[in-house]
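The structure that follows is given in the form of structure tokens.
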Amino acid sequence: MSAGGLDAGVDLGATLAKVVLAPSEGPISTGTLDAHLFPAADVEELARFLSDRRPATVGATGAGARAFASRLGDGRVRLVDEFGAWAAGERLILTGAGFTPSDPHLLVSIGTGTSMLRVANGTAARVGGTALGGGTLSGLGALLSAEREHEALVARAAAGDSRRVDLLVSDLYRKGEIPIDVDLTAASFGRILSRSPEDLAAAVARLVGENVALLAGAWAAAHGAEDVVYAGSTLRGNELLKRILAETTALSGRRALFLPMGEFAGAAGALALARAAG
């Protein structure tokens, strides 16, 4: 590697390609990472972006990594195991996160779908997942509110009230009549008192957030993990979803933590592992 050069990490998901660049010399840290997002479908734009910057090493992970490596075709790309990349990226980002999760803990990556990894001693193993994730938010969001773009959907959901769409436990029972929190959803989309795009978007966010967090809490309990660390591109600017995840995770007796720059954990890990491989 030449002095003053760059290395790159790329996480190619179904919806987004996450890219980080770092100087080839010196340790990788969140302070040295230059992070970018691209539509996963725009492989040509991503290839041009990297070609212009001429990284000495490119670590690639995710569903589209192999096809992307073939597209570049110059031998610089090192393919990296996706779950190993997430564990390495989380470890790197945690050095500046201001918190230390329990060991073991659950790392929940909410991208197009959701994967749940048990992380112990820095090693990750997938223990579960769900098809509910960012793809659900964008797909149902487009069908119900005629809006698919992430930031606009997040804004609509934040302005809505899912209680006008969902049937709550409190709609069926008074507090104390059943050993379930009465503020929980009894049936998603089981009420439909409103058809406003904002209320429908809020209900979709609650559908995804509550179910992901309930599964995460159950998996964390089953695998001896006290903390659940949430990450992934679906959380970008999505304070409503974060609140739903935190509140629902707490019901299982687990603590929800949110990884800064969490959407870039896979890319950062791919960079770190590719560099370590020489």
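The values are calculated or read from the model by the stated rules, or taken from the named source; none is laboratory data. The model shown is predicted, which means the values in this text are computed figures rather than measured ones. Because the Cβ atoms are built from the backbone with ideal geometry, glycine has one as well, and the counts that use them run over all protein chains shown.
Going by the structure shown, is ALA277 over 15 Å from the mean Cα position of the chain (by Cα), surrounded by fewer than 24 Cβ atoms within 10 Å (Cβ to Cβ) and more than 28 Å from ALA69 (Cα to Cα)?
no
Also: When segment 105-130 is examined, which residues are found to be surrounded by fewer than 20 Cβ atoms within 10 Å (Cβ to Cβ) and either more than 13 Å from the chain's Cα centre (by Cα) or among the β-branched types (Val, Ile, Thr) (or both)?
ALA120, ASN121, GLY122, THR123, ALA125, ARG126, VAL127, GLY128, THR130
Residue by residue through segment 39-81, note down the ones that are over 24 Å from GLY278 (Cβ atoms), touching a Ser or Thr at 6+ places or on another chain (Cβ under 8 Å) and hydrophobic (A, V, I, L, M, F, W, C).
If the condition is that a residue be over 24 Å from GLY278 (Cβ atoms), touching a Ser or Thr at 6+ places or on another chain (Cβ under 8 Å) and hydrophobic (A, V, I, L, M, F, W, C), then ALA40 is the only one that fits.
Have a look at ALA186, ALA218 and point out the one that is in the same structural domain as GLY253 (by TED's automatic domain parsing) and closer than 29 Å to GLY13 by Cα.
ALA218
Would you pick out the residues in segment 243-257 that are modelled with pLDDT of 95 or more and in contact with a helix residue (DSSP H, G or I) (Cβ under 6 Å, 6 or more places away or on another chain)?
Listed by number, the residues that qualify are ILE244, LEU245, THR248, THR249, ARG254, ALA256.
Which members of segment 50-66 meet the condition of being touching a residue at least 24 places away in the same chain (Cβ under 8 Å) and over 12 Å from VAL20 (Cβ atoms)?
ARG54, ALA56, THR57, GLY62, ALA63, GLY64, ALA65
Please work out which residue is farthest from the chain's Cα centre (by Cα), limiting yourself to segment 189-204 and to residues that are crowded, with 19+ Cβ neighbours inside 10 Å and among the aliphatic types (A, V, I, L, M).
Per the criteria, the residue is LEU200.
How about segment 80-141: which strands (runs of 3 or more DSSP E) wholly inside it have at least 3 residues that are farther than 21 Å from ALA267 by Cβ?
Fully inside segment 80-141 and qualifying: 123-130.
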